[in-house]
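Visitor: Before I ask anything, here is the structure I am working with.
Nothing in this text is a laboratory measurement; each read-out follows from the coordinates by a stated rule. These numbers come from a predicted model, not from an experiment. No Cβ is skipped: glycine too gets one built from the backbone with ideal geometry, and neighbour counts run over all protein chains shown.
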Amino acid sequence: MVKRCLRLIFGRVSRQRGPLQKRAAASWAPVGFCSLCQHGVALSADALHTARLNEFQALGTNGHSFTGGPYFASPAPSKLEDMRPSVRLVAIDIDGTLLPTFSQVISARNARALKAAQDSGIVVAIATGRRTAYTAPLLEGLGLRADTPLITSNGAVTRTLSGDPVDRSQLEARVARGVCGLLRKFGAMVFTFDKIGRGELVVEDLEQAHERIALWVEANRGAIEVVKPLENALVDGEDPIQGMVAGGLSQMKKAEKALKASVWGVSCECVRTEYPGRDLSILDLLPPGVSKGWALERLAGRLGIDRKETMAIGDNWNDVDMLEWAGQGVLMGNAAAELRAMATTRGWRLTQPNDDDGVAVVLETAVTQWGQVNGRKKHWASTARS
């Protein structure tokens, strides 16, 4: 039983691959360096998520429940929780994780927990599929630090909340052209460029994009430029940050399979996000080796924080790499059933669903533990009020 408990707590340690084996190709290049402090909170977003799923029990040896079930149940860590290293860096997804299902406003409890974590000395970063301009507005009015790190575009770009560049990786234009020709038949395609204003997002068929991702189109109209054919926007020397294909779940699985089987598969990373309730899937096209996990590893290295002291919280397939890399992976209770099954074998813990402030539940525990380890007797709530 003791062995089983330790495996559930530290289950990934023996399976960790060391630093991420996949590296971005020569296309990545830092675009300057800003001094990131050991504090800071950052947020970002991916898209609306599906309805909440029912809670299930994680079973230990002989069918007995382990520590009362898989969810974080209280701000006070148990003795078994105390065996984990305290958290110094936490990366948080937005949609389906930090945001409620049908809202673009962070809940009051999550907002308090973010600020409390930041004030306690924990670095709170955001790791999202959204670009920076679609992320920063969510943080307005939360009182977060200007040097809060934002990992955006599924890891291709890292900036601070104030806009200072930290890291960037780009998809070669020639690869983007080849991928465009291969994947346009599967759904609406979008390419993102590292610029501000119109032309930041380039589409070939605005009507087709509106049919699949109407809310996204309406929110980003000021940045969208229509170019036909799309390859005309992908000229050498004008490398995009990332591409995106949006369509039904089955079509995006076919698109992913087609890309991996093609000559472009080794030159382009693809990360799938699914929203079954809307029959919507998004296939992000990234420079090789780039992911949220890749960017989180690099951020932790800049800050001098060990992976064992790093936590990642997410709910979807594009969060898997960072959940795997972080020493402490936390999956949302509203995640897809297949991901929830993976959690039991990969050592990830589960928290409450996004509509029940699952992020706050995790952060409240982390803040309390951090205070205990560092000799601070404050409960997380007193930190939030200070």
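Visitor: With r as the distance between the Cβ atoms of THR344 and ARG221 and R0 = 41 Å, compute the FRET efficiency 1/(1 + (r/R0)^6) and round to 0.05.
Guide: That gives a FRET efficiency of 0.45.
Visitor: Additional query: For ASP356, ASP93, what ranking results if the residue with the fewest other Cβ atoms within 10 Å of its Cβ goes first?
Guide: With the fewest neighbours first, ASP356, ASP93 line up as ASP356, ASP93.
Visitor: Can you put PHE191, PHE102 in order of Cβ neighbours within 10 angstrom, beginning with the fewest?
Guide: Taking fewest neighbouring Cβ atoms as first place, the list is PHE102, PHE191.
Visitor: Please work out the Kirkwood hydrodynamic radius for the stretch 211-366, using every pair of different C-alpha atoms, and report it in angstroms with one decimal place.
Guide: 17.7
Visitor: Okay, moving on. In whole angstrom, how long is each semi-axis of the equivalent ellipsoid of the stretch 245-307, when you take the square root of 5 times every eigenvalue of its Cα gyration tensor and sort them from largest down?
Guide: 27, 16, 7
Visitor: Just to confirm a number: summing +1 for Lys and Arg and -1 for Asp and Glu over residues other than ARG221 whose beta-carbon lies under 12 angstrom from that of ARG221, what do you get?
Guide: Local net charge: -2.
Visitor: Sticking with this one: According to the square roots a ≥ b ≥ c of the eigenvalues of the Cα gyration tensor, what is the shape class of the stretch 161-207, taking rounded for a/c under 1.5, prolate for a/b larger than b/c otherwise, and oblate for the remainder?
Guide: Oblate.
Visitor: Where a ≥ b ≥ c are the square roots of the eigenvalues of the C-alpha gyration tensor, would you call the stretch 91-170 rounded, which needs a/c under 1.5, or, failing that, prolate if a/b is larger than b/c, or oblate?
Guide: oblate
Visitor: If you don't mind, another one. At a threshold of 8 angstrom on Cα-Cα distance, excluding pairs fewer than six apart, so keeping six or more, what relative contact order does the stretch 173-286 reach in percent?
Guide: Computed over the stretch 173-286, the figure is 31 percent.
Visitor: With +1 on each Lys and Arg Cβ and -1 on each Asp and Glu Cβ, and nothing else charged, work out how big the dipole of the stretch 281-343 is about its Cα centre, in Debye to the nearest 20.
Guide: 160
Visitor: For the stretch 173-286, just say rounded, prolate or oblate: build the C-alpha gyration tensor, square-root its eigenvalues into a ≥ b ≥ c, call rounded for a/c under 1.5, and beyond that prolate if a/b exceeds b/c, oblate if not.
Guide: In terms of gyration-tensor shape, oblate.
Visitor: Turning to a different aspect of this structure: Taking neighbour Cβ counts within 10 Å as the exposure measure, how do TRP370, TRP348 sort from fewest upward?
Guide: By the 10 Å Cβ count, ascending: TRP370, TRP348.
Visitor: Could you tell me which of the pairs LYS257/LYS308; LYS115/LYS195; LYS260/LYS308; LYS260/LYS292; LYS185/LYS257; LYS185/LYS228 are separated by over 22 angstrom between their Cα atoms in the structure shown?
Guide: With Cα atoms farther than 22 Å apart: LYS257/LYS308; LYS115/LYS195; LYS260/LYS308.
Visitor: Follow-up question, since we're still on this one. Please compute the modelled spin-label separation between ARG174 and LYS257, points set 7 Å along Cα→Cβ, answer in nm with one decimal.
Guide: Going from the LYS257 label point to the ARG174 one covers 3.0 nm.
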